[in-house]
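Engineer: Pasting a structure below so you can have a look.
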Amino acid sequence: MQTAKSIEQPNAAIQHYASTKRLTLGKVIIYMLLTGLAVICIVPFYLMIIYSTHNNATIASTFTFLPGPFVADNYLNMASKINIWRGFANSLFIAGTSTVLSLYIGSLTAYGFAKFKFKGRTWLFMFLLATMMVPGQLALIGMYRLFSTLGLLDSYAAIILPAAANAFNVFFIKQFMESSIPDEIIESARVDSAGEFRTFNQIVLPILGPAISALGIFTFIGSWNNFLTPLVLFFSLDKYPLPVLVALVQGYYGMDYGLLYLGVAISILPIIIVFAIFSRQIIGSVALGAVKG
Amino acid sequence: MFAKSIRKDHYGYYFIAPFFIIFTIFGLYPILYSLYISFTNFDGITTPEFVGIGNYVAVLQDPLFYKTLFNTLFIWGVSVVPQLTVSLVLAFILNDKLLKGRDFFRAVYFFPNIVTAASLGLLVSLIFDWQSGGLNHFLVQVGIIDDPINWKNDPWFMRLIVSAILFFQYFGYSMVIYLAGLQGIDPALQEAAQMDGAKKKHIFIHIIVPMLRPIILFQMITSIIGGIQIFDQPFTLTNGSGGPDRAAMTSIMYLYNVAFQSTRFGYGAAIAFCLFVIIILLSVVSFIMTSRKSRS
């Protein structure tokens, strides 16, 4: 993406220097706006953490932005009512397996499209892209019926299997593959008489590593946040992923504010941690996917 | 070696087969099945009875369908216009290499996008609670209001708050996409304009915005697809009820209620396909509008 750097370096530097000097007030206003917006982005989550450490009486009566001593009480209160760690484990399992599956199948598919010139390739790929335009809710009722026929309602498979065919992942990996995997590597593997799938698993897949991990984080978060599909396809409390469990708790224990804040915090904190570690990769994969599209 | 690679080409089918098999069974088949159900009065238990276009006629005469459609489009419109403009301006500002803390701001603005939408709706619901919400306590303590305001009792306020949540969740996302688009614009172009004495404002309006038109179109269309599907935030914000007078009940919430609470699957499926048609129409309209602008 890097194009020719400014040819007239000194001139540009003077320009920049002049503009930084001249626009002092403008710069201050811009920084104030940027900081204000950043505060708005953080405050709700800060309040969430603070309020999860207070009891009902405090939350119901005063505004506070300092932590309180009741986090353990809220936790015990919550643990006596719902099994939040079960929800956590459910989310982890569902998001983990659907991410791994969709990445592997996505890579297989992308490899097929990127490196083999079979008949109907263009049409099949266009069809695949077109499916991204179709909203998921169209399938929801049919899916409910299908899984009820298969006896898979209220089973993890009902969420994981449809997620395995992720058109966006195919599209994303294909873009990466075309620029980073030269045909010569595949050719030489063939000359060494490696089977096609062996070539894929042992040569292509490792090269895809960085792209796949960036995409994987993103897929994982998307799956973690999935709400409507599990709400529809699951019935038992011990199967629900975390977001659904937390949302339903509102209906059952709506007046227990400390508990609710803590539940929300537990459902969001893993995302905050993942983002703190991988923000660069996450933002990068969003940008890449959008611009190539 | 060339001939050898030609002979391998049919392997492509093996590689793409798993995707298309899974997609056919768990993606395409359910969509077609939904389409079939939309022509029946299926209740989930008894055998579906074919009713022709009866469900569609009923949907088109259903005041609640129009109401939820209005709610959805209102919520979407009020959030998407500021979202796409504010994020464009922010992207322009944060693209300036001299600005300090660019990566920090970029990350902080993007962050709400990946937060669980359902949890965020619940969190906002808690903060805006009449008696226990932090916002009322804050406003009373600071002295802006004397008595707590019952925010969640006001239909228009409920719609606006969903819009605000969507703005909060998506402005950073659009900003990142604009930023990626800006990286693709040759910096020499901006520098040349700067040399000729163009102000930042003019560079923004006359160079940046026209060059980003494809990205703006991309954002419009993805936001239409996403906007019609708003569900998680208003659902948890209103505890599934849709708020006062169902003001914040979106079309997908209505679909959910009809199909999975009242088990009128046929009617729900018809709603889904009506929404799909609306998405396509809106996408086509925004495509035409954007390409017409570029000609003038």
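The values are calculated or read from the model by the stated rules, or taken from the named source; none is laboratory data. Everything numeric here is computed off the predicted structure, so don't read it as measured data. Every residue, glycine as well, gets a Cβ built from its backbone with ideal geometry; the counts of neighbours run over all protein chains shown. Calculation scope for accessible area: heavy atoms of the full protein, side chains included, ligands and nucleic acids excluded. Shrake-Rupley method; radii C 1.70, N 1.55, O 1.52, S 1.80 Å.
Engineer: Would you work out the Kirkwood radius for chain B? I mean one over the mean of 1/r across all pairs of different Cα atoms, in Å.
Structural biologist: Details: mean 1/r = 0.0442 Å⁻¹.
One over the average 1/r among Cα pairs gives 22.6 Å for chain B.
Engineer: Under the Kirkwood approximation for Rh and a Cα-based Rg, what ratio Rg/Rh is obtained for the stretch B:94-192?
Structural biologist: Details: Rg = 18.8 Å, Rh = 16.3 Å.
Ratio value, two decimals: 1.15.
Engineer: Given a 1.4 Å probe and every protein chain left where it sits, what share in percent of the accessible area of the stretch A:149-293 is carbon and sulfur?
Structural biologist: Details: 3540 of 5510 Å².
Carbon and sulfur atoms account for 64 percent of the accessible area of the stretch A:149-293.
Engineer: Using a Gaussian network model of chain A whose springs link C-alpha atoms within less than 10 Å, name the residue from A:144, A:31, A:252 with the highest mean-square fluctuation.
Structural biologist: Taking springs between Cα atoms under 10 Å, the residue moving most is A:31.
Engineer: Now for a different question. Using only the alpha carbon atoms of chain A, find the Kirkwood hydrodynamic radius as the inverse mean reciprocal pair distance, in angstroms to one decimal. All intermediate terms of the calculation are to be shown ahead of the outcome.
Structural biologist: Working: mean 1/r = 0.0432 Å⁻¹.
After inverting the mean inverse Cα-Cα distance, the result is 23.2 Å.
Engineer: Enumerate lysine pairs in chain A that are 8 or more residues apart or on different chains, then count those whose Cα atoms are under 16 Å apart.
Structural biologist: Values: A:81/A:239; A:115/A:174; A:117/A:174; A:174/A:292.
Qualifying lysine pairs in chain A: 4.
Engineer: Can you tell me the order of B:22-33, B:266-277, A:214-225 when each peptide is scored by its average per-residue count of other Cβ atoms within 10 angstrom, highest first? All intermediate terms of the calculation are to be shown ahead of the outcome.
Structural biologist: Details: B:22-33: 19.2, B:266-277: 24.5, A:214-225: 22.1.
The most tightly packed comes first, giving B:266-277, A:214-225, B:22-33.
Engineer: Then there is this: Using only alpha-carbon positions, what ratio does the radius of gyration of the protein assembly as shown give when scaled by 2.2 N^0.38 Å? Can you show the working numbers first?
Structural biologist: Details: Rg = 25.7 Å, N = 589, 2.2 N^0.38 = 24.8 Å.
Compactness ratio reported: 1.03.
Engineer: Of the heavy-atom accessible surface of the stretch B:198-296 (probe 1.4 angstrom), what whole percent is carbon and sulfur? Walk me through the intermediate numbers first.
Structural biologist: Values: 2770 of 4260 Å².
Result for the stretch B:198-296: 65 percent of the exposed heavy-atom area is carbon or sulfur.
Engineer: Please arrange B:230, A:29 by accessible surface area, largest first, computed with a 1.4 Å probe and ligands excluded. It would help to have the intermediate numbers written out before the result.
Structural biologist: Working: B:230 10, A:29 90 Å².
The ordering from most to least exposed comes out as A:29, B:230.
Engineer: Please state the shape class of the stretch A:107-192: rounded when a/c is under 1.5, otherwise prolate if a/b exceeds b/c and oblate if not, all from the C-alpha gyration tensor.
Structural biologist: Details: a/c = 3.00, a/b = 2.19, b/c = 1.37.
Note, shape of the stretch A:107-192 comes out prolate.
Engineer: Mind checking the mean number of beta-carbon atoms from other chains within 10 Å of the Cβ atoms in B:171-182?
Structural biologist: Working: counts 2, 4, 3, 1, 1, 6, 6, 2, 5, 10, 3, 1.
The shielding value for this peptide is 4.
Engineer: Okay, next question. What accessible area, summed over both chains, is buried at the B-A interface (1.4 Å probe, Å², nearest 100)?
Structural biologist: Details: alone 17830 and 17920 Å², together 26860 Å².
That pair hides around 8900 Å² of surface in total.
Engineer: Could you order B:146, A:238 by accessible surface area, starting with the largest, using a probe radius of 1.4 Å? Display every interim value, and only then the final one.
Structural biologist: Working: B:146 135, A:238 75 Å².
In descending accessible area the options line up as B:146, A:238.
Engineer: Which whole number gives the average count of other chain Cβ atoms within 10 Å of the Cβ atoms across peptide B:56-63?
Structural biologist: Numbers: counts 0, 0, 0, 0, 0, 0, 0, 0.
For this peptide, the per-residue mean of nearby foreign Cβ atoms is 0.
Engineer: How much accessible area per residue does the protein assembly as shown have, counting only protein heavy atoms and a probe of 1.4 Å, in square angstrom?
Structural biologist: Result: 46 Å² per residue.
Engineer: Taking each residue of B:102-110 in turn, how many C-beta atoms of other protein chains fall within 10 Å of its C-beta, and what is the average? Kindly include the intermediate steps, with their values, before the conclusion.
Structural biologist: Values: counts 1, 3, 3, 6, 4, 8, 9, 6, 7.
What the average comes to for B:102-110 is 5.
Engineer: First check a/c for the stretch B:11-146, with a ≥ b ≥ c the square roots of the eigenvalues of its C-alpha gyration tensor; if it is under 1.5, answer rounded, and if not, answer prolate when a/b is larger than b/c or oblate otherwise. If you can, show how the numbers build up before the last one.
Structural biologist: Values: a/c = 2.56, a/b = 1.43, b/c = 1.79.
Oblate.
Engineer: Using a 10 Å cut-off on Cβ atoms, rank the peptides B:121-133, B:190-202 from the highest mean neighbour count down.
Structural biologist: Put in order of decreasing packing, that is B:121-133, B:190-202.
Engineer: Percentage of Cα-Cα pair distances in the stretch B:167-296 greater than 20 Å, rounded to whole percent? Working shown, then result.
Structural biologist: Values: 5166 of 8385 pairs.
Here the tail beyond 20 Å accounts for 62 percent of pairs.
Engineer: Would you mind checking the radius of gyration and Dmax of the stretch A:156-254 based on alpha-carbon positions, in Å?
Structural biologist: Expressed in Å, the Cα Rg and Dmax of the stretch A:156-254 come to 19.6, 66.
Engineer: Using only helices, what value at 222 nm comes out for chain A when you add -39,500 (n - 2.57) per DSSP H run of length 4 or more and divide by the total residues, to the nearest 500 deg cm²/dmol?
Structural biologist: Working: 15 runs with 224 residues, N = 293.
Mean residue ellipticity, 222 nm, calculated: -25000 deg cm²/dmol.
Engineer: Still on this model: Checking the a/c ratio against 1.5 first, then a/b against b/c, what shape does the Cα gyration tensor give for the stretch B:1-80? The partial results should precede the final answer.
Structural biologist: Values: a/c = 4.42, a/b = 1.90, b/c = 2.33.
It is oblate, given that a/c is not under 1.5 and a/b is not larger than b/c.
Engineer: If you average the alpha carbon positions of the stretch B:183-225 and of the stretch A:31-108, how far apart do those two centres end up, in angstrom?
Structural biologist: Here the answer is 38 Å between Cα centres.
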